[in-house]
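Data block below; observations after.
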Amino acid sequence: MKRLTKHLIVAAVLVAGFAAAIGSYLLLSPDNRRGNGGLDVQPAAEAMPVRESSHRLTDPANSELTLVEFLDFECEACGAYFPVVEKLREEYGDRVTFVARYFPMPGHRNGELSARTVEAAARQGKFEEMYTKLFTTQKEWGEAQESKEDVFRGYAEELGLDMKKFDADLADPKTAARVQADQRDGLGLGVQGTPTFFLDGRKIPNPASYEQFKALIDERLSD
């Protein structure tokens with residue numbers, strides 16, 4: 001299992017590198033300044049890795065370190081890193097603040113929609129539940145060429161959300177703007193593909209294994 005996990009992460013690093021090369025061209029080309037759903041991808045003038053409004057998966061009172069991930073729920077590399085991040089959360093939940101930020105890539109048909117889906121769930125206090133749901137079901141809806149809104153609505157129903165409010169929030173321009181704010185920060189920080197990690201404000205190369213990720217965090221915690 002450890003060997004399989006390591007192979008999956010190595011593959012994820014390669015996929016992320018390829019996505020960065022393609023994604024940076026797509027995101028910054030004149031014809032794609034606006035993504036799906038009218039998403040403005042202009043870089044933020046004063047970009048920040050984490051803001052007060054950012055979604056925190058853990059928020060320990062005496063946090064010693066902050067790990068930020070810019071992610072796309074349809075990104076296969078992000079899906080490969082998901083169990084690694086979950087294991088790190090178990091290991092460091094009382095010492096490290098884990099932050100998830102939206103960065104839907106334009107090459108994914110449902111990337112921006114899935115981000116709005118999670119944000120709409122967040123408005124009902126279900127950010128983490130929908131975040132987890134989309135990553136654990138990614139193989140069922142990812143890489144589709146058609147909208148998966150009906151699938152996402154089904155997940156919202158499974159989570160017990162108020163569907164009238166969910167539908168309204170999903171369509172609310174403020175929800176798209178919230179996703180946009182994360183993406184603009186990412187672009188301003190030099191994010192070109194997903195996943196991209198920042199450790200205490202510094203962008204780091206994607207670790208090739210859980211052990212490498214843990215060693216990097218341990219090193220920073222010991223400083």
(Q) Kindly evaluate E140 against the criterion of being open to solvent by 40 Å² or more (accessible area, probe 1.4 Å), touching a Leu at 6+ places or on another chain (Cβ under 6 Å) and at pLDDT 95 or above. (A) no
Q. Under the condition of being open to solvent by 50 Å² or more (accessible area, probe 1.4 Å) and of a type in the set (S, T, Y), which residue from the range 20-62 is modelled with the lowest pLDDT?
A. Y25
Q. Cβ-Cβ below 9 Å, separation at least six or inter-chain, first residue in the range 198-212 and open to solvent by 90 Å² or more (accessible area, probe 1.4 Å), second hydroxyl-bearing (S, T, Y) and assigned to a strand (DSSP E or B): which pairs?
A. K203/T196
Q.
Any residue at all in the range 99-112 that's acidic (D, E) and either touching a Lys or Arg at 6+ places or on another chain (Cβ under 9 Å) or open to solvent by 50 Å² or more (accessible area, probe 1.4 Å) (or both)?
A. no
Q. Of (1) open to solvent by less than 40 Å² (accessible area, probe 1.4 Å); (2) over 17 Å from the mean Cα position of the chain (by Cα); (3) not aromatic (F, W, Y), E119 satisfies all except one. Which?
A. (2)
Q: For the range 181-204, indicate whether the set of residues that are out of contact with any strand residue (DSSP E or B) (no Cβ under 6 Å at 6 or more places or on another chain) and more than 30 Å from E64 (Cβ to Cβ) is non-empty.
A: no
Q.
Cβ-Cβ distance below 7 Å, separation of 6 or more or different chains: which pairs start in the range 153-182 with a residue that is on the phi < 0 side of the Ramachandran plot and in contact (Cβ under 8 Å) with a residue 24 or more places away in the chain and end on one that is in a helix (DSSP H, G or I) and open to solvent by 60 Å² or more (accessible area, probe 1.4 Å)?
A. L159/E129
Q: Could you grab me the full set of residues in the range 137-180 that are closer than 22 Å to F70 by Cβ and touching a Phe, Trp or Tyr at 6+ places or on another chain (Cβ under 6 Å)?
A: K148, V179
Q) Does the range 81-93 contain any residue that is at pLDDT below 95 and either assigned to a loop (DSSP other than H, G, I, E, B) or over 11 Å from the mean Cα position of the chain (by Cα) (or both)? A) yes
Q | Top-ranked residue of the range 85-115 - restricted to ones that are in contact with a strand residue (DSSP E or B) (Cβ under 9 Å, 6 or more places away or on another chain) and charged (D, E, K, R), ranked as nearest to D172 (Cα to Cα) | A | E112
Q: Could you tell me which of the residues Q145, Q124 is surrounded by 16 or more Cβ atoms within 10 Å (Cβ to Cβ) and of a type outside the set (D, E)?
A: Q124
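The values are calculated or read from the model by the stated rules, or taken from the named source; none is laboratory data. Please read all numbers here as calculations on a predicted model, not as lab measurements. No Cβ is skipped: glycine too gets one built from the backbone with ideal geometry, and neighbour counts run over all protein chains shown. These area figures cover heavy atoms from the full protein model, side chains too; ligands, DNA and RNA do not enter into them. Shrake-Rupley method; radii C 1.70, N 1.55, O 1.52, S 1.80 Å.
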